[in-house]
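Please treat every number below as a calculation from the coordinates, not as lab data. Computed from a prediction, not measured in an experiment: that's the story for all the values here. Reconstructed Cβ throughout: ideal geometry from the backbone, glycine too, with neighbour counts over all protein chains shown.
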Amino acid sequence: MGLLLTKLMAVFGDKDHKVIIVGLDNAGKTTILYQFLTKETVQTSPTIGSNVEEISVRKTRFLVWDIGGQESLRATWNSYFCNTEIVILVVDSTDRERLNVTKEELHCMLAHELAPPHHAALPPPPPQDLHEAAVLVLANKQDMKGSMTAAEISRSLTLGAITARPWHVQACCALTGEGLPASLDWMRSRVVAN
């Protein structure tokens, strides 16, 4: 009965699902966050720290943390990992020079596991970080000439090597919102399935 009630609560939106949006600076993370929220383009400035908004998709609520992507801020990303269900990695599809940096940040982040403190007499608890988080890669700026396709980005980030968790790549344009409704649908399908 408890399992049934838990599944019904997930379907009917009685829980906030934690999502973090990460990516290098100028990838379009904040623009995507506010496009999710308002379905409009909002003038943004570089994020120092984080922005957080609640987004509802057909009675499923997401608490979305947009985290600054400047090099000096990336070391703080792990402080947002706890209880994250979905990681959104925003990639600037025109920034071929820094795609390898994005790949390194992604794989380093997914390898990060921090077990909570425990009493020596008890078995260690499972890690609470990203060990079960699904990964959504948003190939942003598809409206720009010379942008890489979602398939090119997938290959460059070696997403095929990620076998322990679900992942998806979605081509999008933060300015127009193109591709973002499909992203939200994928996110909802992941949390409802769990």
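Things to note:
- The Cα atoms of segment 150-194 give a gyration tensor whose axes a ≥ b ≥ c have a/c of 1.5 or more with a/b no greater than b/c, which makes the shape oblate.
- A Förster radius of 35 Å, combined with the Cβ-Cβ distance separating Asp25 from Glu178, puts the computed FRET efficiency at roughly 0.95.
- Annotation for segment 135-157 versus segment 28-78: alpha-carbon center distance of 19 Å.
- Length gained on full extension, Ala161 to Ser72: 29.3 nm, using 0.36 nm per residue less the C-alpha separation.
- Label-reachable residues, segment 164-184, where backbone N falls under 20 Å from a point 7 Å from His112's Cα toward its Cβ: 164-168
- In this structure, no residue pair taken from Lys29/Lys145; Lys29/Lys59; Lys103/Lys145 has a Cα-Cα separation over 29 Å.
- Built amide H within the under 5 Å cut-off of Lys18, gap 5+: Leu63, Glu85
- For a paramagnetic label modelled on Trp186 (point 7 Å from Cα along Cα→Cβ), amide N atoms under 17 Å away belong, within segment 69-87, to 85-87.
- A simple rule links phi to the HN-Hα coupling: the Karplus curve 6.51 cos²θ - 1.76 cosθ + 1.60 with θ = phi - 60°, which for segment 179-194 gives x, 6, x, 5, 5, 5, 4, 5, 4, 4, 4, 5, 6, 5, 5, 7 Hz, with x for Gly and Pro.
- Placed amide H near Val90: partners under 5 Å, 5+ positions off or other chain: Val22, Gly23, Leu138
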